[in-house]
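The structure appears below as structure tokens.
The values are calculated or read from the model by the stated rules, or taken from the named source; none is laboratory data. Keep in mind the model is a prediction, meaning the values are calculated, not measured. Cβ sites come from the backbone with ideal geometry, for glycine too, and all protein chains shown count toward neighbours. Accessible surface is based on the protein model in full, side chains and every heavy atom, while ligands, DNA and RNA are left aside. Shrake-Rupley method; radii C 1.70, N 1.55, O 1.52, S 1.80 Å.
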Amino acid sequence: MPGIWFTPLTLLLLLAFSPAVRSCSPSDLAALLHFKSALNESRNGIFNSWTGTDCCGNWLGVSCDRDSRRVAEISLRAGPVYTTFEKPYRPDYMSGYISPEICKLTHLSTLIISDWQGISGEIPRCISSLSFLRIIDLTGNRISGTLPADIGKLRYLSLLSAADNLITGEIPATLTSLTGLTHLDLRNNKISGPIPQNMGQLQMLSRVFLSGNQITGPIPGSVCHIYRLVDLDLSNNHLSGPIPESLGRMAVLSTLKLDNNRLSGSIPGRLLGSGINELNLSHNKLEGIIPDAFGSSCYFTSLDLSYNNLKGPIPKSMSSASYIGYVDFSHNHLCGPIPNSYSNTDASSFAYNDCLCGKPLKAC
């Protein structure tokens, strides 16, 4: 019987589709290799495992759907220990850019490329076409450019973090279409322009971090409609106008940081009588008196009203608060006696006012 001969290409095709050889989708494999080629590690590590045709097997940072064997997750963090066959490896630096070829991973639900310090370039515009995305975490790189204008197409997105980068431009108007978003972290970038007025549409949000940018304009009153919001940090921006009184009516808001802005007007009394535990309004242009609105339900781990234009006395009702840990009323125009319950507080917390007296300052 004559022998059967196969060309090298035929053999490769037979091996690729043989049940005995495990492999992931050829299109996913090609996309991952293009993605890899755009990045450079400082030493051999994660990408050392990206060999062979089974990207669903032992490729570090890659996970696939069990049934379809399509790539569902890329999770590359600098910091976690990746265990290899040789020894544990803790990656710490990577350069390059995020290749648009990643958009060919059409079943991708998680994209984490965080804390690599050296990854630059822009977020691929096509990322908005990955309709299954639930998590985008690009924290701690040198990514520039703007956020994709049509990011609102990602209707399943629950976490968006691009903190500690070089992102510019405004917050896209379509972002308020991400009604399933629970965590938004864009702090420490160069984002400008206003906070979208209809931010309140994002009613599933529990944490919003927009600090350390160049955001201007007022704080939208619609924020009070985000009834699940626990943490709101808008500090270190260029926000102006009054503090919305409605922020004091938010049932579960625990942390509110508005420091280092250009906010004006008076302090809403509801803020001091709410369930907020950490309140920082320092370094603004707030004026008027401190509302006498403290009560037994008030529990502040930190209360900072320093560096404003506040006047009048320290409210007597502060003594009725359940707990106030750190307090700073310095650098205002306050006058009158300091409540006895704060006699052991550091004097710097009340310094540089017009005429405050009593311990820890000089006697009245």
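Quick check on segment 221-235: of everything there that is within 17 Å of the chain's Cα centre (by Cα) and farther than 16 Å from residue 279 by Cβ, which residue is least open to solvent (accessible area, probe 1.4 Å)? Per the criteria, the residue is 226. The set of residues in segment 242-267 that are touching a Lys or Arg at 6+ places or on another chain (Cβ under 9 Å), open to solvent by less than 20 Å² (accessible area, probe 1.4 Å) and outside any loop (DSSP other than H, G, I, E, B) comprises 246, 247, 248, 263. Scoring residue 291 on the criteria (1) in a strand (DSSP E or B); (2) under 19 Å from residue 273 (Cα atoms); (3) touching a Lys or Arg at 6+ places or on another chain (Cβ under 9 Å) leaves a single failure, condition (1). The criterion of at least 3 residues that are farther than 28 Å from residue 28 by Cβ and at pLDDT 95 or above is met, among strands (runs of 3 or more DSSP E) falling completely within segment 104-222, by 207-209, 214-217. Considering only residues that are out of contact with any Lys or Arg (no Cβ under 6 Å at 6 or more places or on another chain) and surrounded by 19 or more Cβ atoms within 10 Å (Cβ to Cβ), look in segment 50-60 and name the one that is nearest to residue 94 (Cα to Cα). Result: 59.
Residue-by-condition table, conditions (1) under 32 Å from the mean Cα position of the chain (by Cα); (2) on the phi > 0 side of the Ramachandran plot; (3) in contact (Cβ under 8 Å) with a residue 12 or more places away in the chain; (4) not in a loop (DSSP other than H, G, I, E, B):
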| position | (1), (2), (3), (4) |
| --- | --- |
| 271 | yes, no, yes, yes |
| 295 | no, no, yes, no |
| 307 | yes, yes, yes, no |
| 310 | yes, no, yes, yes |
| 314 | no, no, yes, no |
| 335 | no, no, yes, yes |
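Among the residues of segment 291-350, those that are closer than 16 Å to residue 364 by Cα and either touching a helix residue (DSSP H, G or I) at 6+ places or on another chain (Cβ under 7 Å) or hydrophobic (A, V, I, L, M, F, W, C) (or both) comprise 314, 334, 335, 338, 339, 341, 347, 350.
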